[in-house]
């Protein structure tokens with residue numbers, strides 16, 4: 001009787017041990033969207049800039065916006081990347097200059113800005129137009 005009880009306990013123990021673990025070692029996958037920061041404007045250029053009374057450009061910490069028609073270059077680059085097209089910004093940043101080339105699909109544009117002082121910048125490749133901070 002003791003042998004049968006011990007054998008039953010042993011079988012029961014083995015059963016409990018073999019069923020106690022989770023055989024599923026797959027972890028749930030999260031598909032987080034990949035976000036890329038294309039623009040890195042220096043602090044001195046961040047803000048809105050105007051010519052006369054007309055808003056022209058806006059720089060945020062991660063975007064370049066042509067205010068005249070509401071074009072966000074970050075949005076254009078994100079759309080290009082989503083359709084497997086080239087989407088990149090090559091930047092040259094200093095204490096007085098912010099120059100970059102935007103490439104979105106087959107199109108590209110080159111922009112050069114120079115700091116005059118804390119309230120004025122010069123759009124160098126825009127025929128040296130002076131922009132005032134709003």
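The values are calculated or read from the model by the stated rules, or taken from the named source; none is laboratory data. Note that the structure is a prediction, hence the values are computed from the model and not measured. Here the Cβ is made from the backbone with ideal geometry for all residues, glycine too, and neighbour counts use every protein chain on show.
For residues in the range 103-119 being in contact with a helix residue (DSSP H, G or I) (Cβ under 8 Å, 6 or more places away or on another chain) and free of Cβ contacts under 8 Å to residues at least 40 places away in the same chain, which is nearest to residue 43 (Cα to Cα)? If you could, list the steps in order and put the result at the bottom.
Kept after step one, since they are in contact with a helix residue (DSSP H, G or I) (Cβ under 8 Å, 6 or more places away or on another chain), are these residues of the range 103-119: 104-105, 110-115, 118.
Still in the running and free of Cβ contacts under 8 Å to residues at least 40 places away in the same chain: 104-105, 110, 112, 114.
Details: 104: 25, 105: 28, 110: 20, 112: 16, 114: 13 Å.
Residue satisfying both the conditions and the ranking: 114.
Could you grab me the full set of residues in the range 59-92 that are surrounded by fewer than 13 Cβ atoms within 10 Å (Cβ to Cβ) and either touching a residue at least 40 places away in the same chain (Cβ under 8 Å) or in a strand (DSSP E or B) (or both)?
71, 90, 92
Check off (1) touching a residue at least 60 places away in the same chain (Cβ under 8 Å); (2) surrounded by 13 or more Cβ atoms within 10 Å (Cβ to Cβ) for residue 42 and give me the number that stays unchecked.
It is condition (1) that residue 42 fails.
Name the residues in the range 30-50 that are modelled with pLDDT of 95 or more and either over 15 Å from residue 109 (Cβ atoms) or not in a loop (DSSP other than H, G, I, E, B) (or both), would you? Steps first, please.
Taking the range 30-50 first, the residues modelled with pLDDT of 95 or more are 38-50.
Selection gives 40, 41, 42, 43, 44, 45, 46, 47, 48, 49, 50.
Test residue 102 against the stated conditions and say whether it is outside any helix (DSSP H, G or I) and modelled with pLDDT under 95. If you could, list the steps in order and put the result at the bottom.
Details: outside any helix (DSSP H, G or I): yes; modelled with pLDDT under 95: no.
Taking the combined requirement at face value, the residue does not satisfy it.
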